[in-house]
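The values are calculated or read from the model by the stated rules, or taken from the named source; none is laboratory data. Remember, predicted model here, so these are calculated numbers, not experimental data. Cβ placement follows ideal geometry from the backbone for every residue including glycine, while neighbour counts extend to all protein chains displayed. For the accessible areas, the whole protein counts, side chains as well, though only heavy atoms, and no ligand, DNA or RNA atoms are used. Shrake-Rupley method; radii C 1.70, N 1.55, O 1.52, S 1.80 Å.
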Amino acid sequence: MSQAWSFSRLNNFELCPKKYYHLMYKKDVFEATNDTLRYGNEVHKALELRVSKNKRLPMHLTHLEKFAAKFAKPANKPDEILVEQQLTINEQMEPVGWFDKDAWCRSIIDYLAIKGTSALLVDYKTGKQKDDFSQMFLAGAMLFLYRPDLERIALTYWWIKDRKFSSELILREDMQSVWNDFLPRVAAYEKAHKTDTFPKRQNFTCKNYCAVKDCPLNGL
C-alpha cells in the first residue's frame, strides 16, 4: 500500500524530505505548538461552529461575523451547506473512507455550499496571503469525484488577517490537467517511501525554527 498523501504532506516533503521524514513519517521529532498554530485552529473551530451550529463567535473574533453570517445563510440559498468535509480517494480515483486501508489522497474542505450543478468551496487561511491555488484545485478535483452532478466549483481563499478574498474557478473538464500536475510530484513522494530515501534540502526553515536539530543544515 502506498503512503497516503495530502497537499500539506506533499508540500512538506518537497520543502525538505528529511524534515518531512522525522516530523510526519517516522514522527520521532515534534514541533512545539506556537501562537500561530493555536490561532489558526481556534479560528477554524469557531467558524465551523458558527456556520453549522449557529454558535456565537468568541468576543475576540467578532470581527469575522460579517462574513461568517453570509456563509451560514447565503443570499443564493444553496441546496446544501457542509463544513469540515473529509474527502479521501484511492489510487483508482474512487471515494473511500478517511481511515480505509486503500486511502491514497486526503483533503479537508472548510466550507462547501452546493446549488444545482455548481458549488462554492472556501478555505479559511490565517497566514500571509499567497497566489498559489494548487491546494484548492486538488480539493476541487477530488470533490468532482465525490459529486458527479457538479460541473463547476468556485474556489475561494478567505484571508482572515487581511480580510480579503481571492478566487479561481475549476470546471469538470479541468480535472485531468490538475492530476497531470500532481501525479509526477506524488510519484517522487512515493518513490522516497519505497526506497526509504529522504535527503536533507536547505530551505527557509533551516535558519531559525527547524525542529530537526541534528541536521547539518540546521541554523544555516
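Observations on the structure shown:
- All conditions but one from (1) in contact with a helix residue (DSSP H, G or I) (Cβ under 7 Å, 6 or more places away or on another chain); (2) modelled with pLDDT under 95 apply to Leu10; the one that does not is (2).
- When residues in the stretch 169-200 are screened for being buried (at least 16 other Cβ atoms within 10 Å of the Cβ) and either small (Gly, Ala, Ser) or under 25 Å from Gly127 (Cα atoms) (or both), 4 of them pass.
- Looking across the stretch 173-205, just one residue is part of a loop (DSSP other than H, G, I, E, B), hydrophobic (A, V, I, L, M, F, W, C) and without any contact (Cβ under 8 Å) to a residue 40 or more places away in the chain, and that is Phe204.
- In the stretch 22-43, the residues that are of a type in the set (A, V, I, L, M, F, W, C) form Cβ pairs under 7 Å with partners that are in a loop (DSSP other than H, G, I, E, B), at six or more places apart or across chains, as follows: Leu23/Val29; Leu23/Glu31; Leu23/Ala211; Val29/Ala211; Val29/Val212; Phe30/Ala211; Val43/Thr126; Val43/Ile160.
- Residue within the stretch 183-195 that is over 21 Å from the mean Cα position of the chain (by Cα) and hydrophobic (A, V, I, L, M, F, W, C) present: yes
- Tallying residues that are charged (D, E, K, R) and farther than 21 Å from Glu84 by Cβ within the stretch 1-52 yields 8.
- Within the stretch 65-86, not a single residue is open to solvent by less than 50 Å² (accessible area, probe 1.4 Å), in contact with a helix residue (DSSP H, G or I) (Cβ under 9 Å, 6 or more places away or on another chain), closer than 30 Å to Pro199 by Cα and not in a loop (DSSP other than H, G, I, E, B).
- Within the option set Ala187, Ala119, Ala211, being out of contact with any Asp or Glu (no Cβ under 8 Å at 6 or more places or on another chain), under 20 Å from Ser8 (Cβ atoms) and not polar (S, T, N, Q) holds for one residue only, Ala187.
- Set side by side, the residues Leu112, Leu138, Leu155 differ, and just one is part of a strand (DSSP E or B), open to solvent by less than 20 Å² (accessible area, probe 1.4 Å), touching a helix residue (DSSP H, G or I) at 6+ places or on another chain (Cβ under 6 Å) and modelled with pLDDT of 95 or more, which is Leu155.
- Which listed residue is crowded, with 17+ Cβ neighbours inside 10 Å and more than 20 Å from Arg147 (Cα to Cα), from Tyr39, Tyr25: Tyr25
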